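These notes concern the structure reproduced below.
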Amino acid sequence: MPSDTLEAVSEIRELSYAEAVREALGQAMEADERVFLFGEDVGVYGGAFGVSGDLVHRFGKERVIDTPISELGIAGAAVGAAITGMRPVLEIQFSDFITLAMEQLVNQAAKIRFMFGGKASVPMVVRLPGGSGTGAAAQHSQSLEAWFAHVPGLKVLQPSTPHDAKGMLLAAIDDPNPVLIFEHKLLYKTKGHVPPEAYRVPIGKAAIRREGTDVTIVGSSIMARKAEAAAERLASDGISAEVIDLRSIRPIDFTTIAESVRKTHRLLVVYEGVKTMGIGAEISAMIAESEVFDFLDAPIIRLGGADAPIPYNPVLEKAAVPQEDDIVTAAANLVRRGEA
Amino acid sequence: MPIEVILPKVDMDMETGTIEAWHVKEGDRVRQGDTIFEIGTNKAVMEVEAPASGAIRNIKAETGVPISVGTPVAWIYLDGEAATTPSEPAAAAATVAAATSLSQAEATAAPVIAAAPASSGLRATPLARRLARQNSLDLKTLIGTGPRGRIGEADVTAALILRSDPQDRVSKDVPSGSVASTSILRDAANTAPQDEGSGKRDCRQPEGRLQPFSAIRRIVANRLSESMRTAPHFYLTSEIEMSAARDLLGRLARRHERIGAPKPSLTVLIARVAARILRDHPVINASVEGEATRFHERIDIGIAMERDGDLVVPVLRDAGAMDMPAMTREFARLREGMAKRTLTPAELGGGTFTISNLGMYGVDAFTAIINPPQGAILAVGRTVDKPVGRNGEIVLRPMANFTLSSDHRIVDGVAAARFMADLREALENPEVLL
């Protein structure tokens, strides 16, 4: 087939977020026999959210392994496998269950490279379906990414599009260090352009989803998508919002945020995790401490999750995290009135 | 630093609230979370809690009086803080007037600055401070339009443009749809170069030249749109004989020459007459403040003028207390200050009533848009000899049209008509002013 036809095909090809993750897993496993999947119900059942799908049939039970219900066991086995040279990719069925694996991730995976002077490393990837909006209540709906962004030695990603979900997962599998990828459950069915080849999206580089001049809205994962939709509505109201999709929480692309705020003079940070002590606090402080402080024309505003467990009641569940309307209102108030 | 207790916004569309009852009195000790007063809105009564623990001082707000949201009503002095009286706002009375029509976007915002204790300092954004620093502008001369009187970039830019020469205001072609800042702001802020011009240029080439609003034009546009949108205007027109006023002006000119005062103009005479009769019409010398009428004690008359294509309104401060020579001198000073750009924003706004005279351009009559938050504006047309009936005969008399635009939220038709009747009487028989 001539190459221009290939390109034409790749331009129009759309996949869902879940399909894009599956394609990345399949391509990584084809390219490198050290890569294997590990998790509860990732095999025959195809994963709680259908992400691993038919991979068990393509690669067999030796490489797509159903584990007992023990997150600590899964994580410990993955750390061990990674140290001995394998490239484990584990799925924590709901990101909330990561609490059971904290010891292995925080005290072992994150530390080993440093404590052994670089003689050992832990090239493992943890995929964590997270976030609210599915009626799964307080123990299955959290956004705990900030916990891990607090730990040196871990990388924390939050891709928002099918394109990034694939490219960042492949980059994470390549990475010689432990990487956690938080995948928002509501994004799994969203569709977008995904090139068929095995491409990489660099870790630690934010994407400017929309350029604007009046206010910078920073978000990641589903909040980046909500911010984009909000920016569209703000534009029809005469407000030009710049939307930055962080993609990576740690390392964080401070330069892109700072350059944007220098231009727009206003910053709104949106995140689904609990507002208090969250990612927004870090970004606000980074800007306030930097030379960009002198370019602020309004207070930095955070829109974050409520200081409460995610409610089961669907109305309250929606109210507990920032929605598109909240972003529109906060950004418009910030631009027009100088406060949120 | 004492903690400011403000009248909070407890309802989405709330602009003013009324303190129904104070639960504390001057000097009381409160703990954070204690109820300190009850606030009434048009929907409910709510309790307001102390934002900090300490001693309540300088309770400023009375019960039962509507107060703008964000206004400080008391201060909490923390332990160890000298409970001296904060510099009681000497400017408090002046603030209403100083709430300039140029820099005051929200009538409720401006008075707060001067009302704060001296120790709480000036409110300005980092960007405003940077711009002021770079342009050697004293922020204390500005009035902020942001929340609680905060000075922002737009306030500084407006002040810089007022100060600048018109040549500096280079218009810039901007692709439609992008938000334009004025070039002076770019230079002043010394920001990194931006690519407003590159990138997404609209492929449809629109016809003509697109000139972004200057900061002043933006303020004028916002304020007048706001006025037309929120103030239900109504208009009363009177055709008034100007023979007596004309004679009086001639006599005044000779007298002013003798005492070395500038020659009086018809505009000043009308301002003088209006200032005198406004004393008897408090509702015309009033402003809208949220859901309340602010009756001004002082009469500050703004005179609409044009400078380099911009509408500016210098104010004859305390016009009610000026005699004709004093007002003529003050008017001459304002005109000169405007031409030389030495007037401060405070001198360019905050009137309680406005006069716009387009008679010198041959305009017969017109209706003016009220300068918010004022309640009325007087539009003056040219004086021209017209046939009128006098004692059963048709005679020629110098006549002029006066049109009063009033905000029907605070001024009723009869009140406006009474003002117009007094205006006619005073202009046609100036001796009634004696």
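Within the set B:PRO206, B:PRO193, B:PRO166, B:PRO175, the sole residue that is in contact with a strand residue (DSSP E or B) (Cβ under 9 Å, 6 or more places away or on another chain) and at pLDDT below 70 turns out to be B:PRO166. Tallying residues that are open to solvent by 20 Å² or more (accessible area, probe 1.4 Å) and in contact with a Ser or Thr (Cβ under 9 Å, 6 or more places away or on another chain) within segment B:346-370 yields 8. Among all positions in segment A:216-237, there is at least one residue which is away from chain B (no Cβ under 13 Å), more than 24 Å from A:TYR17 (Cα to Cα) and not basic (Lys, Arg). Considering only residues in segment B:330-343 that are in contact (Cβ under 8 Å) with a residue 24 or more places away in the chain and surrounded by fewer than 17 Cβ atoms within 10 Å (Cβ to Cβ), the one that is farthest from B:ARG272 (Cα to Cα) turns out to be B:ARG341. Only one residue in B:ALA304, B:ALA326 is within 18 Å of the chain's Cα centre (by Cα) and either closer than 30 Å to B:ASP412 by Cβ or surrounded by fewer than 21 Cβ atoms within 10 Å (Cβ to Cβ) (or both), so which one is that? It is B:ALA304. Scanning segment A:46-64 for residues that are over 19 Å from the mean Cα position of the chain (by Cα), more than 17 Å from A:GLN27 (Cβ to Cβ) and in contact (Cβ under 8 Å) with a residue 12 or more places away in the chain turns up A:LYS61, A:GLU62. Is it fair to say A:ILE310 is open to solvent by less than 40 Å² (accessible area, probe 1.4 Å), under 16 Å from A:LEU144 (Cα atoms) and among the aliphatic types (A, V, I, L, M)? Yes. Listed by first and then second residue, the pairs with beta-carbon distance under 6 Å, at least 6 apart or on different chains, first residue in segment A:276-303 and away from every other protein chain (no Cβ under 14 Å) and more than 17 Å from A:ASP214 (Cα to Cα), second among the hydroxyl-bearing types (Ser, Thr, Tyr) and open to solvent by less than 40 Å² (accessible area, probe 1.4 Å), are A:GLY278/A:TYR271; A:ILE279/A:TYR271; A:GLY280/A:TYR271. Filtered by the rule that a residue be buried (at least 21 other Cβ atoms within 10 Å of the Cβ) and more than 10 Å from every other protein chain (Cβ to nearest Cβ), segment A:326-340 gives A:ILE327, A:VAL328, A:ALA330, A:ALA331, A:LEU334.
Within segment B:104-159, the set of residues being under 17 Å from A:ASN333 (Cα atoms), out of contact with any helix residue (DSSP H, G or I) (no Cβ under 6 Å at 6 or more places or on another chain) and either at pLDDT below 90 or open to solvent by 20 Å² or more (accessible area, probe 1.4 Å) (or both) comprises B:ALA105, B:GLU106, B:THR108, B:GLY146, B:PRO147, B:ARG150, B:ALA154.
For segment A:101-124, the set of residues classified as in contact (Cβ under 8 Å) with a residue 40 or more places away in the chain and either in contact with an Asp or Glu (Cβ under 8 Å, 6 or more places away or on another chain) or in a loop (DSSP other than H, G, I, E, B) (or both) consists of A:ALA110, A:LYS111, A:SER121, A:VAL122, A:PRO123, A:MET124, listed by residue number. Say whether the condition of being touching a residue at least 40 places away in the same chain (Cβ under 8 Å) and assigned to a loop (DSSP other than H, G, I, E, B) is met by at least one residue in segment B:377-395. No; the residues of segment B:377-395 include none that is touching a residue at least 40 places away in the same chain (Cβ under 8 Å) and assigned to a loop (DSSP other than H, G, I, E, B). Contact annotation: residue pairs with Cβ atoms under 6 Å, 6 or more positions apart or on different chains, pairing a residue in segment B:142-155 that is more than 8 Å from chain A (Cβ to nearest Cβ) with a partner that is at pLDDT 90 or above and open to solvent by less than 10 Å² (accessible area, probe 1.4 Å), are B:LEU142/B:ILE151; B:GLY144/B:ILE151; B:ILE151/B:ALA128. When B:GLY260 is tested against (1) at positive phi; (2) surrounded by 14 or more Cβ atoms within 10 Å (Cβ to Cβ), exactly one condition is not met: (2).
Checked against (1) out of contact with any Lys or Arg (no Cβ under 8 Å at 6 or more places or on another chain); (2) at pLDDT 85 or above; (3) part of a strand (DSSP E or B); (4) buried (at least 18 other Cβ atoms within 10 Å of the Cβ), B:THR18 meets all criteria but (2).
Looking at segment A:307-338 only, could you name the residues that are assigned to a loop (DSSP other than H, G, I, E, B) and within 20 Å of the chain's Cα centre (by Cα)? Answer for segment A:307-338, where residues must be assigned to a loop (DSSP other than H, G, I, E, B) and within 20 Å of the chain's Cα centre (by Cα): A:ILE310, A:ALA320, A:VAL321, A:PRO322, A:GLN323. Considering B:ALA417, B:ALA400, B:ALA426, the condition of being within 21 Å of B:ALA245 (Cβ to Cβ) and out of contact with any helix residue (DSSP H, G or I) (no Cβ under 7 Å at 6 or more places or on another chain) is satisfied by B:ALA417 alone. Scan segment A:312-340 for residues that are of a type in the set (A, V, I, L, M, F, W, C) and free of Cβ contacts under 8 Å to residues at least 24 places away in the same chain and jot them down. Those that are of a type in the set (A, V, I, L, M, F, W, C) and free of Cβ contacts under 8 Å to residues at least 24 places away in the same chain: A:VAL315, A:LEU316, A:ALA319.
Within segment A:265-275, the set of residues being open to solvent by less than 40 Å² (accessible area, probe 1.4 Å), over 17 Å from A:ALA230 (Cβ atoms) and either of a type in the set (Val, Ile, Thr) or within 14 Å of chain B (Cβ to nearest Cβ) (or both) comprises just one member, A:HIS265.
Please state which one of B:LEU404, B:LEU396 is modelled with pLDDT of 95 or more and open to solvent by 60 Å² or more (accessible area, probe 1.4 Å).
B:LEU396
The values are calculated or read from the model by the stated rules, or taken from the named source; none is laboratory data. Everything quoted here is computed from the prediction, not taken from an experiment. With ideal geometry, Cβ positions are generated from the backbone for all residues, glycine too; neighbour counts draw on all protein chains shown. Note: areas computed on protein heavy atoms with side chains; ligands, DNA, RNA excluded. Shrake-Rupley method; radii C 1.70, N 1.55, O 1.52, S 1.80 Å.
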